[in-house]
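Structure first, commentary second.
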Amino acid sequence: MAETSINTAETRNGNVFALFEAAARASADRPFLIVDGGTLLTYGEMLDHSGRAAAWLRSAGVAQGDRVVVQAHKSPVAVILYLACLRAGTVFIPLNTAYQENELAYFLSDAEPSLLVASLGLPGETVAFDGSRASISGDLSAAPWTKTSDLLPTVAATSTDPAAILYTSGTTGRSKGAVLTHGNLSSNVIVLGTAWRWQDDDVLLHALPTFHAHGLFVALHLALLHASPILFHERFDNHAVLRDIPRATVFMGVPTFYTRLLGEPAFDKTLCAGMRLFISGSAPLLDATFDEFAERTGHVILERYGMTEALMVTSNPYDGPRIAGSVGPAISGISVRVVAENGVPATIGEPGVLEMKGPNMFAGYWRNPDKTAEDHTADGYFISGDIATQDEAGYIRIVGRAKDLIITGGYNVYPKEVEMVIDAIDGVAESAVIGVPHPDFGEGVVAVVARDAGSAITPQDVAAFVGSELAAFKRPKTSIIVDELPRNAMGKIQKAELRALYKDLFFKSAA
Ligand code: AMP
């Protein structure tokens with residue numbers, strides 16, 4: 001298999017879509033999206049649809065540099081809309097489909113988009129909003145741009161122009177918008193294509209959500225850069241993956257995908273014989289999963305590490321050893337360092353905060369220069385908040401999360417946001433939300449709730465309240481009612497103690 005060469009002439013336009021356009025024009029007849037076994041769009045048709053969708057954005061009053069907020073189910077229509085935003089030079093802001101109206105209201109007031117697009121039936125369709133809005137369904141032939149015959153050529157953009165804003169929550173409870181530029185997206189996809197030895201005849205099985213960097217940028221962009229066919233799954237479903245794996249060569253997933261696939265006896269060496277590469281990220285992959293996967297399929301999962309603000313940062317090597325529990329060394333062109341508590345470089349194996357710098361790094365938090373400055377060092381490194389160690393060979397291990405972030409089923413849950421909702425319930429004094437090991441989700445969200453004296457609040461009351469306030473993945477799987485939370489001498493709640501106390505919670509209940 002020959003490796004793909006990139007048409008560097010096209011990179012003169014700093015718009016990341018110029019890279020994709022060059023590849024698509026050279027392979028216009030190749031399938032772009034394959035849905036339910038049939039080609040829904042070729043690369044040539046992708047160019048036509050995205051050009052018309054970009055013209056429709058203009059006619060809807062969206063200028064270059066404006067922002068478009070999208071709460072949409074994963075679908076070919078949503079993919080075209082994203083590509084159209086790139087082509088039109090407008091800033092794409094995808095939101096999790098699980099967000100409820102009160103959560104959306106915050107994003108809309110913060111992002112101030114000139115257009116809100118929502119899938120029929122999602123909260124984005126009905127949330128109060130003063131600006132222009134449009135609805136989409138999963139039917140490409142009914143997309144709003146099908147009525148226009150105009151095509152908008154890909155606009156010129158510089159590498160520092162914003163391409164997207166992805167919201168990432170913070171421990172202070174409010175989400176921050178990470179501004180990613182055309183240069184961030186271009187540089188990352190090019191280095192990943194080389195690092196993972198993308199092949200001209202690769203076929204990607206895409207089952208990740210498209211409102212997050214993993215599915216939207218890493219997976220989609222690698223296929224687009226090489227005009228590779230995508231077996232497009234609108235959600236992760238074991239049986240659909242088993243059906244399509246024999247037609248794919250590359251699969252990207254969160255660890256939960258891999259544990260679920262291992263639960264299928266048919267997922268074996270024969271089924272995976274044509275696969276070239278399985279990649280895992282967004283949350284820690286357990287050593288046990290890594291080992292069982294290798295034994296069952298004959299493939300060694302390649303684990304990599306990244307974050308919304310940084311895209312992909314480290315990766316186990318394609319050719320060298322892929323080590324369980326490690327996320328590998330820094331990707332070419334990116335610098336990482338581990339800094340110990342006293343601000344000096346950590347020694348080999350010593351845990352410290354992982355910091356990073358490179359062309360992959362976001363431009364800053366949207367309208368939040370103070371937070372942007374706070375999260376960078378004087379010499380320009382981004383302070384990730386992840387605790388890591390590094391070995392002699394430069395391999396990084398992520399050992400903890402400084403900010404108490406919970407990752408459940410590949411989704412991030414920031415405890416503070418859940419705590420603020422629970423603390424508003426009558427009869428609750430305060431709460432501590434923690435993540436504890438969960439056999440299916442990696443971590444499960446647990447709320448330890450201190451009741452007001454004399455209150456008779458129950459876990460069912462907590463569940464009923466959060467149900468209307470929070471996306472399902474953020475809701476505690478269990479609430480534990482206590483009289484008071486453990487605190488240290490400085491008055492800080494001792495979350496580590498709570499995590500230790502409840503570490504077996506989901507294993508006991510499963511037994
Ligand atoms: P997000 O911004 O949603 O992509 O989440 C980024 C966070 O996910 C990182 O800061 C890490 O805490 C975590 N993460 C991503 N990849 C890995 C990995 N391979 N192993 C452990 N944690 C990871």
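Along the axis of the charge dipole computed for the chain (Cβ charges of +1 for Lys and Arg, -1 for Asp and Glu, origin at the Cα centre), the listed residues Thr126, Leu505, Ile331 are led at the positive end by Ile331. If you find the alpha carbon centre of the range 95-138 and of the range 406-450, how far apart are they in angstrom? If we compute the Cα centre of each part, the gap is 25 Å.
Subtracting the Cα-Cα distance of Asp452 and Asp268 from their residue separation scaled by 0.36 nm leaves 60.9 nm. Between helix 43-59 and the chain there is an angle of about 70 degrees, using the helix long axis and the longest principal axis of the Cα atoms. Its Kirkwood hydrodynamic radius, worked out from the mean inverse distance over all distinct Cα pairs, puts the range 374-511 at 16.5 Å.
Shown here for the range 235-316: trypsin sites (Lys or Arg not before Pro) in loop regions (DSSP other than H, G, I, E, B) with at most 16 other Cβ atoms within 10 Å, namely Arg235, Lys269.
For the chain, the Cβ-based charge dipole about the Cα centre amounts to some 460 debye (Lys, Arg positive; Asp, Glu negative; other atoms uncharged). Reported to the nearest whole Å, the Cα centre-to-centre distance from the range 70-87 to the range 34-65 is 8. The Cα atoms of the chain cover 68, 54, 51 Å along the three principal axes, with the biggest extent listed first. Relative to one another, the C-alpha centroids of the range 151-204 and the range 259-307 are positioned 25 Å apart. Once backbone amide H atoms are built at 1.01 Å from N, Tyr99 has no partners under 5 Å, excluding neighbours fewer than 5 places away on the same chain.
For the range 405-510, the fraction of 1.4 Å probe accessible surface lying on carbon and sulfur atoms is 54 percent. With all protein chains kept in place, the per residue accessible area of the chain amounts to 40 square angstrom at a probe of 1.4 angstrom. One way to sum up the overall shape of the range 278-403 is the equivalent ellipsoid from its Cα gyration tensor, whose semi-axes run 27, 16, 13 Å, largest first. Working note: Karplus 6.51/-1.76/1.60 with θ = phi - 60° gives the range 283-288 the couplings 7, x, 8, 5, 4, 4 Hz, where Gly and Pro are set to x.
Accessible surface of the range 3-235, 1.4 Å probe: 49 percent of it comes from carbon and sulfur atoms.
Counted residue by residue at 0.36 nm each, then reduced by the alpha carbon distance between them, the extension gain from Ser132 to Ala373 reaches 83.4 nm.
Hand me the GluC sites (Glu not before Pro) from the range 324-419 located in a DSSP loop with no more than 13 other Cβ atoms within 10 Å, in residue order please. Mind showing how you got there, number by number?
Values: sites: Glu341, Glu355, Glu374, Glu392, Glu417, Glu419; in loops: Glu341, Glu392.
In loop regions of the range 324-419 (DSSP not H, G, I, E or B), the sparsely surrounded GluC sites (Glu not before Pro) are Glu341, Glu392.
Extension gain for Asn238-Asp504 works out to 93.1 nm (0.36 nm per residue, less the C-alpha to C-alpha distance).
Solvent-accessible surface (1.4 Å probe) assigned to Asp237 amounts to roughly 70 Å².
Any of Lys176/Lys416; Lys416/Lys474; Lys477/Lys503; Lys74/Lys357 with alpha carbons more than 21 Å apart? Name them for me. Distance filter (> 21 Å) returns Lys74/Lys357.
Overall size of the range 3-235 from C-alpha positions, given as principal axis extents largest first: 48, 39, 32 Å.
The values are calculated or read from the model by the stated rules, or taken from the named source; none is laboratory data. Computed from a prediction, not measured in an experiment: that's the story for all the values here. Because the Cβ atoms are built from the backbone with ideal geometry, glycine has one as well, and the counts that use them run over all protein chains shown. Heads up: the accessible areas ignore ligands, DNA and RNA and are worked out on the full protein's heavy atoms, side chains in. Shrake-Rupley method; radii C 1.70, N 1.55, O 1.52, S 1.80 Å.
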